Amino acid sequence: MQMDPQKEASPAEGGTPSEPVTSLGERLLALTLTFGKFGGITFGGGYAIVALLEEELVQRRHWLTSEELLHIITVGESTPGPIAVNTATFVGYRIAGVLGGLVATVALVFPAWLVIVLISSCYLALRENVWVASALAGIRVAAVVLIARAFVRMGHGVRRTAVNLLTGALAFGLVAFTPVSAIWIVLGGLLFGVLWHGVLPRLRDKAQS
């Protein structure tokens, strides 16, 4: 995946290009508003933001294609740090270079930081409040739905082969039913991808030639 910060936003698959953003200031403002909105309305952790990213960045703004977003999320998941923050940094760099990556990251993190500061100041008084607990329980349910929706929509970008399905099922089983660290599962997926999709096809091509 080529990460060219000077490249204009590419059209989404099946869509049309958005209005070109010509100046750096306009791109930075667009990143601030977009990721500030994500940071202020996203509940449920990093994966809950995936559905919003796909809807806003691919379908509405046409900054990325579905395949590019899937690649960015994959890289963001494979590197240290929260996936939402990593993805914001990648997308910001894609749109406006290093400064864009910094602006997108700060815009995403700032609303959540501000909310946490405000909640922390009155947490002891509110933690036993039945209305607050009920509201948070409802938010958790909605977050699970967002994550499931993102899983279904982003899954369209994965090739449906027997090997990929078996590998996905194995990874899910390890995460859900064993104490194996997610780090080892990610590294295992990386090694599998290099061997199965990179090394083996080259060996077959050499054998045939």
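The values are calculated or read from the model by the stated rules, or taken from the named source; none is laboratory data. Every value quoted in this text rests on a predicted model; they were computed, and no experiment measured them. Backbone-built Cβ (ideal geometry, glycine too); neighbour counts: all protein chains shown.
Would you point out the residue of the stretch 188-209, among those that are closer than 18 Å to V158 by Cα and of a type in the set (A, V, I, L, M), that is farthest from the chain's Cα centre (by Cα)? Applying the filter and picking the extreme gives L195. Taken over the stretch 56-83, the criterion of being among the aliphatic types (A, V, I, L, M) and within 14 Å of G101 (Cβ to Cβ) is satisfied by I72, V75. Give just the number: which of (1) under 26 Å from E56 (Cβ atoms); (2) at pLDDT 80 or above; (3) over 18 Å from the mean Cα position of the chain (by Cα) does R94 not satisfy? The single condition R94 does not satisfy is (3). A residue that is modelled with pLDDT of 85 or more and buried (at least 16 other Cβ atoms within 10 Å of the Cβ) cannot be found anywhere in the stretch 112-134.
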